[in-house]
Amino acid sequence: MAEVKPQGAVSKMLNAAWIRPFLFLVFIVVAWDLAIRVFRIPAYQIPAPGDVVAVLRTEWPELLRQSWPTTYATVCGFLLSALFGIPVAMLIAGSRTVESYVYPLLVFSQSVPKIAIAPLFVVWFGFGIIPKVISAFLLGFFPVVVSAVQGFKSVDPDMVDLARAMQGSRFQVFCAVNLPHALPAIFSGLKVSVTLAVVGAVVGEFVGSNSGIGYVMQRSIGTFDLPTMFAALVILALLGVILFWIVDRIEKLVIPWHVSQREDVIFAS
């Protein structure tokens, strides 16, 4: 018989999904502050945590306003990477001919630094939101394709043959067998993609922009305003965590049956 082991209130709180990363974050901040005090690191090299918190408190409205363009470019680039990445993965996994032509080019494209080609997007599309969206799309596209290809290729052939033997059409077999089996791998790629899309949006803002968190960071570096730069990094980290959490919640809703979404059960004799 499987029974759930009772837990105390303190143990349950410590086992919460959010408390352990929070405690580790507190440890990092304390170690950061102690290192600055012990080694007497000057503020123009590494700011103290208190200075960063002060900037977050006083400049929060401005940082929040600057975060919207970055968030918009990130979400648009991520959605485009999912919209185009999954169909491309289906084509690659379903045809060896397509795979032999397309897959090597995809791998080759990842060896080109996005920061090197981002100025071209500014030349072609101007200083608007489009270059940032393209940069976010390019960084988020490859993880989606690779993970989805792996998911579609790992489908059990016997399950496909069984579905076909039951007179299922190709579309019915895909919806009943191929897609559900590939969804865990697809969501793994989407979670990687959404965090890389944040990086892509910031890269686009570095190259040419007058708004966004990347613009705030570039301006802060130019004036050696390190507390503001670190505050912008905190905003970017929060943005990545929130977007990752949203994709993770969607995954739990879409594939609650998968083993990775089950609650831990302790077996007792």
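The values are calculated or read from the model by the stated rules, or taken from the named source; none is laboratory data. If you're wondering where the values come from, they're calculated on a predicted model, not measured in any experiment. All Cβ positions, even for glycine, are placed from backbone atoms using ideal geometry, and neighbour counts span all protein chains on display. Please note that ligands, DNA and RNA were not included when accessible areas were found on the heavy atoms of the full protein model with its side chains. Shrake-Rupley method; radii C 1.70, N 1.55, O 1.52, S 1.80 Å.
Quick one: putting +1 on the C-beta of Lys and Arg, -1 on the C-beta of Asp and Glu, what dipole do you get for the range 139-269 around its Cα centre, in Debye to the nearest 20?
Working: 8 positive and 9 negative charges, 44 e Å.
In total the dipole reaches around 220 debye.
Let me spell out the model: positive unit charges on the Cβ of Lys and Arg, negative unit charges on the Cβ of Asp and Glu, origin at the Cα centre of the range 52-147. What dipole size does that give, in debye rounded to 20? Let's see the in-between values first.
On the way: 5 positive and 3 negative charges, 2 e Å.
Roughly 0 debye, rounded to the nearest 20.
For the chain: lysine pairs with Cα atoms under 28 Å, gap of 8 or more or different chains, count?
For the chain, qualifying lysine pairs total 9.
Helix 19-39 versus the longest principal axis of the chain: what angle, 0 to 90°, nearest 10, using Cα atoms?
The two axes meet at around 30 degrees.
With the contact rule set at Cα under 8 Å and sequence spacing of 6 or more, what percent relative contact order holds for the chain?
Relative CO of the chain lands at 28 percent.
Springs between alpha-carbon atoms under 10 Å, Gaussian network over the chain: tell me which of Phe78, Phe127, Phe141 tops the mean-square fluctuations.
Phe127
Give the accessible surface of the chain per residue, rounded to a whole number of Å², with probe radius 1.4 Å and ligands, DNA and RNA excluded.
On the way: 16590 Å² over 269 residues.
Spelled out: the 1.4 Å probe surface of the chain, per residue, equals 62 Å².
Using the Karplus curve 6.51 cos²θ - 1.76 cosθ + 1.60 with θ = phi - 60°, what ³J(HN,Hα) values do you get for each residue of the range 224-239, in whole Hz, with x for Gly and Pro?
6, 8, 5, x, 5, 5, 5, 5, 5, 5, 4, 4, 4, 4, 4, 4
Pick out which of Gly94, Gly77, Gly189 has the largest mean-square fluctuation in a Gaussian network model of the chain, springs linking Cα atoms closer than 10 Å.
Gly94
What angle do you read, to the nearest 10 degrees and between 0 and 90, between the alpha-carbon axis of helix 114-125 and the longest principal axis of the chain?
Orientation of helix 114-125: about 90 degrees from the principal axis.
Is there a quick way to get the dipole size of the chain? I mean about its Cα centre, with the Cβ of Lys and Arg at +1 and of Asp and Glu at -1; what is the value in debye to the nearest 20? Present the calculation step by step, with values, prior to reporting the outcome.
Numbers: 18 positive and 15 negative charges, 17 e Å.
Computed about the Cα centre, the dipole is about 80 debye.
Modelled label-to-label distance, Phe125 and Val112, 7 Å Cα→beta-carbon offset: nm?
According to this spin-label approximation, the distance is 1.4 nm.
Towards the positive end of the charge dipole of the range 44-200, with charges on Cβ (+1 Lys, Arg; -1 Asp, Glu), say which of Val145, Ala176, Leu105 has the farthest Cα.
Value computed over the given set: Leu105.
Between helix 213-222 and the chain, what is the angle of the helix's C-alpha long axis to the longest principal axis, kept within 0 to 90° and rounded to the nearest 10?
40 degrees
Could you tell me the calculated FRET efficiency between Ile46 and Tyr72, based on Cβ-Cβ distance and R0 = 35 angstrom, to the nearest 0.05?
Plugging the Cβ-Cβ distance into 1/(1 + (r/R0)^6) gives 0.65.
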